[in-house]
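The structure appears below as structure tokens.
The values are calculated or read from the model by the stated rules, or taken from the named source; none is laboratory data. Keep in mind it's a predicted model, so treat the numbers as computed, not measured. Don't worry about glycine lacking a Cβ; one is built from the backbone with ideal geometry, like all the others, and counts go over all protein chains shown. Side chains included, ligands, DNA and RNA excluded: accessible areas come from the protein's heavy atoms. Shrake-Rupley method; radii C 1.70, N 1.55, O 1.52, S 1.80 Å.
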Amino acid sequence: MKKIFVSFLILFSASSALAYLSPGYVNFGNISCDSRATQTVTFYNNTDENVQNLRASVSGSSFFESSFCYNVRPYGSCSIQVTFDPRGQPGSDYGTLWVYADIRSYTASLNGSCR
């Protein structure tokens, strides 16, 4: 019984890596507090099935996202724009980009600071 369970976990882990976010960590660096910076995070679907119901959100008070993808075709991708906008507040902020697709979620870590 243990061998079957372990094999199932290995197969499940390998198949879940077929869709992913890149990069998994976004550093906006140290920017001027009266400016903003935008970087792209890409969702990759390296499977032979459509990924549906794609939606994104961010945590962290200085981060915003915009994505216009809802479905990603097999072996396709979707670009998600993440903006760091400190709105004049000096210091650092940390956050997470969450991308939900079907029943799975994917994350990328975010950080930025302003002077």
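Tell me which residues, restricted to region 37-89, are charged (D, E, K, R) and more than 15 Å from residue 105 (Cα to Cα).
Taking region 37-89 as the starting set, the residues that turn out to be charged (D, E, K, R) are 48-49, 55, 65, 73, 85, 87.
Residues satisfying the conditions are 48, 49, 65, 73, 85, 87.
Hey, can you tell me all the residues within region 68-94 that are assigned to a loop (DSSP other than H, G, I, E, B) and open to solvent by less than 60 Å² (accessible area, probe 1.4 Å)? Even if it seems obvious, please write down each step before you answer.
Taking region 68-94 and keeping what is assigned to a loop (DSSP other than H, G, I, E, B), we get 68-71, 73-76, 85-90.
69, 74, 76, 85, 86, 88 - these are the residues of region 68-94 that are assigned to a loop (DSSP other than H, G, I, E, B) and open to solvent by less than 60 Å² (accessible area, probe 1.4 Å).
How many residues does region 61-78 hold that are under 12 Å from residue 39 (Cα atoms) and either over 14 Å from the mean Cα position of the chain (by Cα) or modelled with pLDDT of 95 or more (or both)?
Residues in region 61-78 being under 12 Å from residue 39 (Cα atoms) and either over 14 Å from the mean Cα position of the chain (by Cα) or modelled with pLDDT of 95 or more (or both): 3 in total.
Being open to solvent by 20 Å² or more (accessible area, probe 1.4 Å) and touching a Phe, Trp or Tyr at 6+ places or on another chain (Cβ under 9 Å) is the filter here; which residues of region 95-115 pass it? It would help to see each step written out before you state the result.
Filtering region 95-115 down to residues open to solvent by 20 Å² or more (accessible area, probe 1.4 Å) leaves 96, 98, 100, 102-107, 109, 111, 113, 115.
Listed by number, the residues that qualify are 96, 98, 100, 105, 106, 107, 109, 111, 113.
Which ones in region 26-67 are open to solvent by 30 Å² or more (accessible area, probe 1.4 Å), in contact with a Lys or Arg (Cβ under 8 Å, 6 or more places away or on another chain) and over 13 Å from residue 114 (Cβ atoms)?
50, 67, listed by residue number.
Tell me the residue from 53, 30 that is at positive phi and in contact (Cβ under 8 Å) with a residue 12 or more places away in the chain, please.
Values: 30 fails: at positive phi.
So the residue among 53, 30 that is at positive phi and in contact (Cβ under 8 Å) with a residue 12 or more places away in the chain is 53.
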